[in-house]
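Okay, structure first, notes after.
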Amino acid sequence: METDSTTRTLGRSGIRVSALGFGCWAIGGEWQDATGQPLGWGKVDDEESVRAVQRALDLGVTFFDTADTYGAGHSERVLGRALGKRRDDVVVATKWGNVFDEGSRTLTGSDDSPAHVRRALTASLRRLGTDHVDLYQLHLSDADPARAAELRDVCEELVGEGLIRAYGWSTDDPARAAVFAEGPHCAAVQHTLNVLQDAPQLIALAEKSDLAAVNRSPLAMGLLGGRRAGAA
């Protein structure tokens, strides 16, 4: 039973993290899909992003969640730079499954092949400036369950090699999350959860399988942030 309100255990991994995490989508800055549709938060100041990460560290945040595709690799680079020598004081979560061009900051597709897992991880480790990822998450929410079982097995290999400590799936589908939950070192499912969007089945799965529920969009992409005024 959790007794400390400021920290949580990351599922069955035993890894301790701050109850409040730092989502790193926005610090990736601008990026786009193949049609030119913006996918990022907008223009950002990298120096401000670094200061924000370091301030979060000073305030006790130890869980930082990013993805290789955020800013087409830029978020990972900024996070790695901001953490610097304090890397071992935190838990870094990133994701894989999307394919992108770093030069043009463009999402070019996806790749759910087992071979891509290792390629993507190698690139993420380089951008983050670390030798391991604490939580590695599949970023393709609708991946085929049979293929996902193969990816789960690859993740188990990566745990054995010391390249990742645990893994999970970023998905809002309980049936898909259950496929990864069968792996001994699966520790989490990342899913949408806020006062407007409940997820009772995923919460039930997390409790049954001893997984951490990493709550995505707690403020509903800013809708609940208190900065949007209603009509006069």
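Couple of notes before you dig in:
- Using a Förster distance of 22 Å, the FRET efficiency for ARG55-VAL195 (Cβ separation, nearest 0.05): 0.25
- When the solvent-accessible area of the chain is split by element, carbon and sulfur atoms take up 51 percent of it, the probe being 1.4 Å.
- Straight-line reach from LYS208: taking Cα to Cα under 19 Å and skipping same-chain neighbours fewer than 8 places apart, the aspartates and glutamates in range are GLU2, ASP172, ASP173, GLU182, ASP198.
- Per residue, the chain reaches -9500 deg cm²/dmol at 222 nm when only DSSP H runs of four or more residues are counted, each adding -39500 (n - 2.57).
- Gyration tensor verdict on segment 118-158 (Cα atoms; rounded if a/c is under 1.5, prolate if a/b is larger than b/c, oblate otherwise): prolate
- Normalised contact order of the chain, rounded percent, pairs of Cα under 8 Å and 6 or more residues apart: 16 percent
- Lysines with Cα under 30 Å of LYS43, excluding same-chain neighbours fewer than 8 positions away: LYS85, LYS95
- GNM result for the chain, Cα springs below 10 Å: residue of GLY73, GLY162, GLY97 fluctuating most strongly: GLY162
- Enclosed volume per residue, in Å³, of the convex hull spanned by Cα atoms of segment 15-164: 112 Å³
- Only beta bridges with both residues in the chain are counted; by DSSP, about 25 percent of them are antiparallel.
- Probe 1.4 Å, all protein chains present, accessible-area order of VAL99, VAL117, largest first: VAL99, VAL117
- Gyration tensor (alpha-carbon) shape descriptor, segment 105-177, a/c threshold 1.5: oblate
- Computed over segment 13-95, the quotient of the alpha carbon radius of gyration and 2.2 N^0.38 Å is 1.10.
- When the Cα gyration tensor is reduced to axis lengths a ≥ b ≥ c, the ratio a/c is 1.5 or higher for segment 71-116, and with a/b not above b/c it is classed as oblate.
- Extending 7 Å from Cα along the Cβ direction at SER5 and again at ALA26 yields two label points whose distance is 2.5 nm.
- Solvent-accessible surface of the chain, taken per residue with a 1.4 Å probe and all protein chains present: 50 Å².
- Given R0 = 25 Å, the distance between the Cβ atoms of ASP33 and ARG87 translates into a calculated FRET efficiency of 0.20.
The values are calculated or read from the model by the stated rules, or taken from the named source; none is laboratory data. Just so we're clear, the structure is a prediction, and the values are computed from it rather than from any experiment. Please note: Cβ atoms are built from the backbone with ideal geometry, for glycine as well, and neighbour counts cover all protein chains shown. Heads up: the accessible areas ignore ligands, DNA and RNA and are worked out on the full protein's heavy atoms, side chains in. Shrake-Rupley method; radii C 1.70, N 1.55, O 1.52, S 1.80 Å.
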